[in-house]
Amino acid sequence: MKTPAVLTLSAMLMLTAAPLFAADLKIGLAEDPDILDPDQSRTFVGRIVYASLCDKLVDITPDLEIIPMLATEWSWSEDNLTLTMKLRDDVTFQDGTPFDAEAVAYNINRSQTLEESRRKSEVASITGTKVVDPTTIEITVAQPDATLIAQLADRAGMMVSPTAAEAAGADFGNAPVCAGPYSFTERVQQDRIVLTKFADYYDADKYNFDTVTFLPIVDTTVRLANLRAGDVDMIERLAATDVASVKADDALTMEQATSLGYQGLTVNVANGDKAQNPFGQDKLVRQALSLSIDREAINQVVFEGAFAAGNQPWPPTSPWYDQDIPIPARDVEAAKAKLAEAGVESPTVEIQVSTDPVAQQVTQVIQAMAAEAGITVNVVAKEFATQLSQQTAGDYEISQIGWSGRVDPDGNIHQFVTCEGGINDAKYCNPEVDKLLNDARATNDTAERKALYDQATAILDDDLPLIYIYHQNWIWAMDKGVTGFTAYPDGMIRLAGVSKAE
């Protein structure tokens, strides 16, 4: 008669000892992503969603080492013109379509040919694919491409279901189907994106949540308040000014990693009618604006010194940074002299910025600094997706915007400043810069690449289609019950091994 009671007690003890995991993880995002199609999208925040939705051919470690993901191994031919990749044989897309070499070939072709694709410049070197067998594909390039593997560690390497992509065409992002651990369930613009655990995922045991809900909460103060209230379990891009407060809160934990990217001002130099102003047409005026800005003061005033001032596509700590072009000191008199030389002593310009309060604060500081040099800046805040669409369409004069950064230096510069670059919203075009950056792609010699990037940086520092301002840290805050999270310098949220005890 005692046995059942003993068993019941043992079972209860086991239940008490075992961790209990939450069924849903709620993540507060700093923005609402744009379209959820790896070929069409351009937002950093969209990549955070993809990290749970769309596996890539290769991934990175926190130390930026490239490691297998859907491709298990790879090698280059002796002439560096053929890349052979071996693929996993246990993967299906979330609609049941098998993942194989045919699917990889389809995805590369889609990235290159889809009219709306923003990946074209990232896979431009690829001249063809050959399906050797279901788990082997050969990718040929026109010339050695040192950047290709790193490109395949990001959106260009994300595999979408050929079946779903063919059926949806350019509308694929409304109901994306990939090969990641979570499948798309629903999206309500500006409100939520819900993903559901994909039971047939090849590594499903590493994922502890039944659903993941992404909630765009633009205001950083509100985002943190939602975390403290328990309405979300973790948030990304915690404001630097809130770091001390979170560290002092026993209910929260925090992780951070140095960003690979930058924040700056994109100047419309040739993208339609709105480029027809002194800032778009005269580099002297752009140089004056740059000289009026105290980058270190912005870091101290807005970020309490937690970030780093910058003037190049990569941070001063990067091995690709050109030390011969240091961050310029603010020089108001030199700025006025530049304006006088240009013959426009009191120019006015509109800078658009997202509704993110921190971004607005940065721009307002720039506005005040520029005013002392005689430059009138009108700051216009726009919802992030609107800002992006207008930037693409050329409906802007200057746009305060950033880039999350890439492992290979090419990813921080080529597509923004080459004549046909996929995200060249300034429409800057300089054949000499194109040649330097294309040559840098074509050699695996690091010293040679560095010299080429230095030459391109020198030209861009003079032309200034992009005025770099600072480099941020990625900072995540989470409920203390959330464990297993690893900070990566690409700013993504990888959920393998992450759990939350109730």
Taking every pair of alpha-carbon atoms in region 237-347, give the share separated by more than 18 Å as a whole percent.
-> 63
Using θ = phi - 60° and the Karplus relation 6.51 cos²θ - 1.76 cosθ + 1.60, list the HN-Hα couplings for region 193-202 in order, rounded to whole Hz, with x at every Gly or Pro.
-> 10, 10, 10, 10, 4, 8, 4, 8, 5, 5
Hey, got a sec? Which GluC sites (Glu not before Pro) in region 28-134 land in a DSSP loop and have at most 16 other Cβ atoms within 10 Å?
-> GLU65, GLU78, GLU115, GLU116
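In region 362-502, what is the volume of the convex hull around the alpha carbon atoms, normalised per residue and reported in Å³? Mind showing how you got there, number by number?
Numbers: hull volume 24.5 nm³, N = 141.
It is 174 Å³ per residue.
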The equivalent-ellipsoid semi-axes of region 305-429, taken as the square roots of five times the Cα gyration tensor eigenvalues and listed largest first in whole Å, are 24, 21, 16
Among GLY173, SER121, GLN281, which residue has its Cα positioned farthest towards the positive end of the charge dipole of the chain, with +1 placed on the Cβ of Lys and Arg, -1 on the Cβ of Asp and Glu, and the dipole taken about the Cα centre?
-> GLY173
Residue-wise HN-Hα coupling along region 314-331, computed from phi with Karplus coefficients 6.51, -1.76, 1.60 (Hz; x: Gly, Pro) = 10, x, x, 7, 6, x, 8, 5, 8, 5, 7, 10, x, 4, x, 6, 5, 9
Residue-averaged [θ]222 nm for the chain, counting only DSSP H segments that reach four residues, each worth -39500 (n - 2.57) | -9000 deg cm²/dmol
Angle between the chain longest axis and helix 2-17 axis [Cα atoms, degrees, rounded to 10] | 10
Rounded to whole Å², per residue accessible area for the chain with a 1.4 Å probe reads 40
Can you give the Kirkwood hydrodynamic radius of region 116-205 from its Cα pairs, in Å with one decimal?
-> 15.6
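Quick one: which of 210-221, 240-251 comes out on top by average Cβ neighbours within 10 Å, and what's the full order, highest first?
210-221, 240-251
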Could you tell me which of the pairs LYS26/LYS382; LYS197/LYS480; LYS130/LYS197; LYS120/LYS336; LYS427/LYS450 are separated by over 30 angstrom between their Cα atoms in the structure shown?
-> LYS130/LYS197; LYS120/LYS336
Cα convex hull of region 318-371: how many Å³ per residue?
-> 136
Helix 446-463: angle to the longest alpha-carbon principal axis of the chain, degrees 0 to 90, nearest 10?
-> 50
Apply the Kirkwood formula to region 46-142: the hydrodynamic radius equals the inverse of the mean of 1/r over all pairs of different alpha-carbon atoms; give it in Å with one decimal.
-> 14.4
Once phi is turned into ³J(HN,Hα) by the Karplus curve 6.51 cos²θ - 1.76 cosθ + 1.60 with θ = phi - 60°, what whole-Hz value does each residue of region 258-275 show in order, with x for glycine and proline?
-> 5, 6, 8, x, 8, 10, x, 10, 8, 9, 6, 9, 7, 9, x, 4, 6, 7
If you keep only loop residues by DSSP, which trypsin sites (Lys or Arg not before Pro) in region 416-502 have at most 15 other Cβ atoms within 10 Å of their Cβ?
-> LYS480
Rounded to a whole number of µm²/s, how large is the Stokes-Einstein D of region 136-281 at 25 °C and 0.890 mPa s, given Rh as the Kirkwood radius over C-alpha pairs?
-> 122
Relative to the first principal axis of the alpha-carbon coordinates of the chain, what is the inclination of helix 384-393, with its axis defined by its Cα atoms, in degrees from 0 to 90 and to the nearest 10?
-> 50
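The values are calculated or read from the model by the stated rules, or taken from the named source; none is laboratory data. As the structure is a computational prediction, the values presented were derived from the model and not from experiment. Heads up, the Cβs are rebuilt from the backbone with ideal geometry, glycines too, and the neighbour counts pull from every protein chain shown. We work out accessible area using only protein heavy atoms, side chains counted, and drop any ligands, DNA or RNA first. Shrake-Rupley method; radii C 1.70, N 1.55, O 1.52, S 1.80 Å.
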